[in-house]
Each structure stands twice: as C-alpha cells, then as structure tokens.
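All of the numbers you see were taken from the coordinates with simple rules; none came from a lab. Remember, it's a predicted structure, so these values are computed and weren't measured experimentally. Note that we place each Cβ from the backbone using ideal geometry, even for glycine, and neighbour counts take in every protein chain shown.
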Amino acid sequence: MPELLYNRKANATLANLAAGGRFPHTLLIEGPEGSGKKTAAWQAAKTLLCEGEPKPCGRCAHCVKADKRVHPDVRYYTVPEGKKEFPVETVREIRQDAYIAPNEGARKIYLIDRAHAMNAAAQNALLKIIEEPPDFVNFLLLCENRSRMLPTILSRAISVELEVPSVEECAAALEALAPGRSAQERQAAAAGAGGNIGRALGLLGSAKPSKSAADAKKLREELIYGERYACLRVLAGYDKDRDGLGQTLSLLREGFAQAAVGREADERLCNRVTVMQLVGAADAVERALLRAGRNVSIPLLSACMVEEVKAALAG
Ligand SMILES: [Zn+2]
C-alpha cells in the first residue's frame, strides 16, 4: 500500500511527531476530498501502534493489521450513509468507548472521518473527551475545512494539511493503486481529476485496487521470476470463486500481452524472457480461461496453467 506518495511535507510532519514521541492526543488532518486524509490517518495509526523499528516497520502484527484496515484498536467513525451531519450520539459513544483499554495494542486510536460535518453540539461533546483524554488514546480528526471546526477544538489539536498532488504524481500513485489499468487510462484519470487521487480512482471506476488486479500482477511476477508454489498459493484463494478467477486470469493474460509489447523498456524482463515466450504465456492463460468457463475443477486448471505458463516461458 503506497502511503502518501505525494504528501511529502505532511508525511515528514507525521514522522517527526512520531519519532520525537510528541504525537499529539488530537491530530487534525485537513484536505479536500480525495487528498488522502484516510491514508494519512491510517499511516499515523500504524506508526502509533507499531512495535518494530523504524516505525512503522510494516512487518509487525500491528502494522499488518493496520495495512489491512482491520486493527481492533483503530476505531473508524464517519457520517452514516444518507445523513448530512455527524451524529452527536456517535460522539457520545466514542466518549464512553475511549475509557475502555485497548485490545491488542498499547494505544487506542479514533479515526473520525468528516469531522467538519459535526454541528456545534457534537463538537462540544467531542471537546469534553479531547480536553482530558485517557493516556492511551489518540484522536485523528479528518476534515475538509478547518473553518468548520470550533476554535476550542482547533486549539487542542495539531494540524496537518494535505495538498492535492500534481497530475504526474497522481498518475504515478495510480500505477500502484490501479495496476489493472493501462498507462493511458491512468494518465487520463489523473488529468481529469486534476491530480486528486481519490477522484481519479473514482473516474477509473474503482475506489481501491481490486483483488484481481493485485493478484494478477503478483501471479505474472511469480510466473516469470518466482516459484510454482507461490503461484499456486495465489490461485488457491479462488478455489470457491470461479468468477473472481476468471477476472484475475483475464487481467493476467492482458498483463502478459502488455509485457510482450513493452518488453524493450524493461531490462530485467529482457534478460529473462523473449517476446515469443511472453506470447506463449498469454496463450497458456487463455487456455486456462477456456477451462474455467467449462467447469474444469479450479485446483486442476490452476496447476495445469502454472505448468503450461512455466513451460512456455522456459521453451
Ligand atoms: Zn510495525
């Protein structure tokens, strides 16, 4: 997961706060929609919970769970679907919950999205807890416009402002976030969104990288450079998901076809395989797709495909 690829300034501020042990109890992350507030907040949460070095290490159990957005000590709250305001009842819930000790980590982190949608009553309720929070608690308030926050809240928070990246930075970020899309599509989306990554992903029609796109990329990498078992491990995730497998294999076939066309630009690839080998690999994936459509058992067609692709790339 690329973390704040473009927001170097904000990233540096967060790293400094964490490194100096001066991380505030309340951090306000401000930026327009799609500027990466949630990504920044999760990065901050990960840094606060990490038990490795340097923080965030990306490998400890806390980092792994934070990366998957499933850490039990990171509580996410936002405006409920169909509502315009952040409910005061939710703020009261947060206040009560904040006194309960964390589950697995040393800290408990409240990620409060769309804080600017709190009315004065809700903000005053929030103020009561951020004035004197339990030691183990951090609040990360995400807001689009700090002028909507009460001065009493702002005076107790440290603010980090996110900037919208340039179109080029946005296109570069999309390479990792939307690997199933062509360079032209990513460039068009980045330009159409004026560099706003969240909006560009919306234009590409996927709020986050699909599992299929990520798996197809990993499979291609492992089929060319890696071991059979690594390929089979990825494919094992589709034992009960024939539709998902079809989607992943389509992207994999497309990936091999693109690699054949763009081989010249990739030195590592040139040293490893020829254009004809890549075309052979795409054909082998095509055969697997046909088998998938004919109800051949998934473990069997997966094993066959790995053998056939490996053979094509070696022959
Ligand atoms: Zn860690």
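For the chain, find the longest principal axis of its Cα atoms and tell me its angle to the long axis of helix 37-49, 0 to 90°, nearest 10.
For helix 37-49, the angle is close to 80 degrees.
How big is the gap, in Å, between the Cα center of the range 120-170 and the Cα center of the range 12-53?
Cα centres, the range 120-170 to the range 12-53: 12 Å.
Who wins for biggest fluctuation among Gly105, Gly194, Gly226 in a Gaussian network model of the chain, springs between alpha carbons below 10 Å?
In this elastic network of the chain, the residue with the biggest mean-square fluctuation among Gly105, Gly194, Gly226 is Gly226.
For the chain, what is the mean residue ellipticity at 222 nm derived from helices alone (per DSSP H run of n ≥ 4: -39500 (n - 2.57); sum divided by total residues; nearest 500 deg cm²/dmol)?
Result for the chain, helices only: -17000 deg cm²/dmol.
Past 32 Å, Cα to Cα: identify those pairs from Lys46/Lys217; Lys84/Lys240; Lys108/Lys211; Lys37/Lys128, in the order given.
Working: Lys46/Lys217 26 Å; Lys84/Lys240 39 Å; Lys108/Lys211 29 Å; Lys37/Lys128 24 Å.
Where the Cα-Cα span goes over 32 Å, the pairs concerned are Lys84/Lys240.
For the residue pair Ala106 and Asp67, what label-to-label distance in nm results when each label sits 7 Å from Cα along the Cα-to-beta-carbon direction?
Going by the 7 Å Cα→Cβ label model, 2.1 nm.
Which one of Ala120, Gly293, Gln258 has its Cα pushed farthest toward the positive end of the charge dipole of the chain, where Lys and Arg give +1 and Asp and Glu give -1 at the Cβ?
The one lying farthest along the dipole's positive direction is Ala120.
Please find, in a Gaussian network model of the chain (springs between Cα atoms separated by less than 10 Å), the residue of Pro102, Pro54, Pro72 whose mean-square fluctuation is greatest.
Pro54
Take every DSSP beta bridge with both residues inside the chain and express the antiparallel ones as a percent of the total, to the nearest 5.
The answer is about 0 percent antiparallel.
With only alpha-carbon atoms counted, please give the Rg and Dmax of the chain, in Å.
Both quantities, over Cα of the chain: 23.1, 70 Å.
Normalising by the residue count of the range 185-236, find the relative contact order in percent from Cα pairs under 8 Å and 6+ residues apart.
After rounding, I find 21 percent.
For an R0 of 45 angstrom, estimate the FRET efficiency from the Cβ-Cβ distance between Thr152 and Arg59 and round to the nearest 0.05.
So, using R0 = 45 Å, E works out to roughly 0.65.
Just report the Cα centroid separation between the range 292-308 and the range 250-266, whole Å.
21
Positive end of the charge dipole of the chain (Lys, Arg +1 and Asp, Glu -1 on Cβ, about the Cα centre): tell me which of Ala101, Tyr77, Ala230 has its Cα farthest that way.
Ala101
Counting only C-alpha contacts under 8 Å and six or more residues apart, can you give the relative contact order of the chain as a whole percent? Please list the in-between numbers first.
Details: 470 pairs, mean separation 50.7, N = 315.
This gives 16 percent for the chain.
At most 16 other Cβ atoms within 10 Å and a DSSP loop assignment: could you name the GluC sites (Glu not before Pro) in the range 211-291 that fit?
Numbers: sites: Glu221, Glu222, Glu227, Glu254, Glu264, Glu267, Glu286; in loops: Glu227.
Those that pass, being in a loop and sparsely packed, are Glu227.
Say each of Leu300 and Asn271 gets a label point 7 Å from the Cα, pointing the same way as Cα to Cβ; how far apart are those two points in nm?
Calculated label separation equals 4.1 nm.
Let me make sure I get this right: for the range 185-285, a, b and c are the square roots of the gyration tensor eigenvalues over alpha carbons, sorted descending. Under 1.5 in a/c it's rounded, otherwise prolate if a/b > b/c, else oblate. Which is it?
oblate
Normalised by the residues of the range 114-233, what does the relative contact order come to in percent, with Cα pairs under 8 Å and at least six apart?
Relative CO of the range 114-233 lands at 19 percent.
Just to verify a number: FRET efficiency for Glu85 and Gln258, C-beta to C-beta distance, R0 = 45 Å, to 0.05?
Values: r = 47 Å, r/R0 = 1.03.
After rounding to 0.05, the efficiency reads 0.45.
Each residue of the range 61-78 in order: what ³J(HN,Hα) in whole Hz does its phi give by Karplus 6.51 cos²θ - 1.76 cosθ + 1.60, θ = phi - 60°, with x for Gly and Pro?
4, 5, 4, 4, 5, 5, 4, 7, 6, 10, 5, x, 9, 10, 9, 9, 10, 8
Order by neighbour count: Cys63, Cys270, fewest other Cβ atoms within 10 Å first, most last.
Ascending Cβ contact count within 10 Å gives the list Cys270, Cys63.
Given +1 on the Cβ of Lys and Arg, -1 on the Cβ of Asp and Glu, and no further charges, what dipole in debye does the range 95-199 carry about its Cα centre, rounded to the nearest 20?
320
Between their Cα atoms, which of Lys9/Lys83; Lys65/Lys310; Lys38/Lys68 are more than 25 Å away from each other?
Distance filter (> 25 Å) returns Lys9/Lys83; Lys65/Lys310.
Name the most mobile residue of Ala115, Ala265, Ala236, meaning the one with the largest mean-square fluctuation, in a Gaussian network model of the chain with Cα contacts below 10 Å.
Highest fluctuation among the options: Ala265.
By counting other Cβ atoms within 10 Å of each Cβ, how are Arg59, Arg220 ranked from fewest to most?
In order of increasing Cβ crowding within 10 Å: Arg59, Arg220.
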